[in-house]
Amino acid sequence: MQVAAVVDDNPDTWGKEVRGVPVIGGRDKLPQLLADGVTGAICSIGQNKPRGLISEMLAGMGFELVNAIHPSAVVSPDVRMGRGCIVAASVTLYVDPVIGNHVYFDVGAVVSHNTIIGDNSLISAGVTIGARIDIGKNVLVGLGASVMTPKWGRDSRLRVGDNAVVGIGSVVISDVPDNAVVVGVPAKVIRYQEP
């Protein structure tokens with residue numbers, strides 16, 4: 001697979017290059033890419049909901065949503081991964097995780113066994129997600145945060161709700177409600193946001 005072009009709605013980027021790949025213009029260029037035989041696409045923006053919406057727009061146009069997995073990432077052969085996911089350098093996805101669509105794993109993130117990551121979530125650089133964790137949809141887990149069940153055993157699970165935000169460096173050891181913003185060690189709810 002080869003990267004053919006970058007599309008960006010910011011006109012300041014048009015005519016420039018990103019790592020040697022030309023920025024050809026905005027979304028209006030997508031039909032021409034399809035006509036030229038480009039079949040795969042991925043949306044790499046960091047904002048969760050817009051990444052999901054743009055990814056679904058691309059699929060609706062006829063692009064196949066591809067996964068971008070860095071060669072240094074360690075991805076267990078039993079990972080079940082959706083489409084349009086980004087797995088950056090040194091990421092580890094270990095033993096039987098279930099990964100939704102359009103999930104972004106930043107550099108060095110670690111996901112342990114029997115964990116579920118919902119659609120459109122972003123797992124930031126240096127994050128550690130322990131075993132048997134359920135991450136909802138549209139979740140942001142901030143740089144260096146850790147999420148782990150407080151008890152050992154197969155019956156122990158922890159849930160981070162839909163649209164939640166886990167702050168930088170936080171340690172989550174109890175369930176996080178939908179739409180909550182949590183910070184600290186241990187992480188505590190500081191506010192709720194609109195879904």
One quarter of the convex hull surface, Cα atoms only: what value does that give for the range 47-154 in nm²?
6.4 nm²
Taking amide H positions as placed in the peptide plane 1.01 Å from N, state which residues far from V23 in sequence (5 or more) or on other chains have amide H under 5 Å from it.
V6, G15, K16, E17, V18
Which residues qualify? For E64, with a placed amide H closer than 5 Å and at least 5 residues away or on another chain, they are G40, A41
List, in order, the whole-Hz ³J(HN,Hα) value for each residue of the range 165-177 obtained from phi through the Karplus relation with A = 6.51, B = -1.76, C = 1.60 and θ = phi - 60°; use x for Gly and Pro.
10, 9, x, 3, x, 6, 10, 9, 10, 9, 4, 10, x
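Quick one: compute the contact order of the chain, relative version, from alpha carbon pairs under 8 angstrom and 6+ residues apart, as a percent. Intermediate results must be reported in sequence, preceding the final value.
Numbers: 538 pairs, mean separation 20.0, N = 195.
Computed over the chain, the figure is 10 percent.
Under 27 Å between C-alpha atoms is the cut-off here; go through the chain and count lysine pairs that meet it, provided they're at least eight residues apart or on different chains. Let's see the in-between values first.
Numbers: K16/K29; K16/K49; K29/K49; K49/K137; K49/K188; K137/K151; K137/K188; K151/K188.
Close lysine pairs found across the chain: 8.
Count the DSSP beta bridges whose two residues both fall in the chain, then state the antiparallel fraction as a percent rounded to the nearest 5. Please list the in-between numbers first.
Values: 6 of 42 bridges.
Given both bridge residues lie in the chain, the antiparallel proportion sits at roughly 15 percent.
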Roughly how many nanometres apart are two label points built 7 Å out from the Cα toward the Cβ at Q47 and A89?
2.8 nm
Debye calc, one equal point scatterer per Cα of the range 41-85, no solvent, log10 I(q)/I(0) at q = 0.18, 0.21 1/Å comes to -0.59, -0.75
So what is the relative contact order for the range 133-176, in percent, with contacts set as C-alpha pairs under 8 Å and at least six apart?
51 percent
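Quick check: residue separation of D28 and I168 times 0.36 nm, minus the Cα distance between them. What number comes out in nm?
Details: separation 140, 0.36 × 140 = 50.40 nm, distance 3.65 nm.
Extra length available between D28 and I168 comes to 46.8 nm.
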Given labels modelled 7 Å from the Cα in the Cβ direction, how far is it in nm from K188 to K151?
2.4 nm
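Helix-derived [θ] at 222 nm for the chain: sum -39500 (n - 2.57) over DSSP H runs of at least 4, divide by residue count, nearest 500? If you can, show how the numbers build up before the last one.
Details: 2 runs with 20 residues, N = 195.
Per the formula, -3000 deg cm²/dmol.
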Kindly put L158, L34 in sequence by how many other C-beta atoms sit within 10 Å of each C-beta, fewest to most.
L34, L158
For the residue pair N114 and Q2, what label-to-label distance in nm results when each label sits 7 Å from Cα along the Cα-to-beta-carbon direction?
4.6 nm
Using amide H atoms built 1.01 Å from N in the peptide plane, name the residues 5+ places from R83, or on other chains, whose amide H lies under 5 Å from its own.
N101, H102
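Given the alpha-carbon gyration tensor of the range 130-182, what are the semi-axes of its equivalent ellipsoid in whole angstrom, ordered largest first, with each equal to the square root of 5 times an eigenvalue?
On the way: eigenvalues 62, 31, 13 Å².
Semi-axes from the Cα gyration tensor: 18, 12, 8 Å.
Return the tail of the calculated pair distribution for the chain, meaning the percent of Cα-Cα pairs more than 20 Å apart. Please report the intermediate quantities before stating the final value.
Values: 10528 of 18915 pairs.
The calculated P(r) of the chain puts 56 percent of pairs beyond 20 Å.
Suppose every Lys and Arg Cβ carries +1 and every Asp and Glu Cβ carries -1, with no other charges. What dipole size does the range 6-65 come out with about its Cα centre, to the nearest 20 debye?
Working: 6 positive and 8 negative charges, 30 e Å.
For the range 6-65, the charge dipole is close to 140 debye.
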Computed over the chain: longest principal axis from alpha-carbon atoms vs helix 48-61 long axis, angle to nearest 10 degrees, is 40 degrees
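Bear in mind that the values in this text are calculations on the coordinates, not laboratory data. What you see is a predicted model; the values in this text were computed from it and never measured. Because the Cβ atoms are built from the backbone with ideal geometry, glycine has one as well, and the counts that use them run over all protein chains shown.
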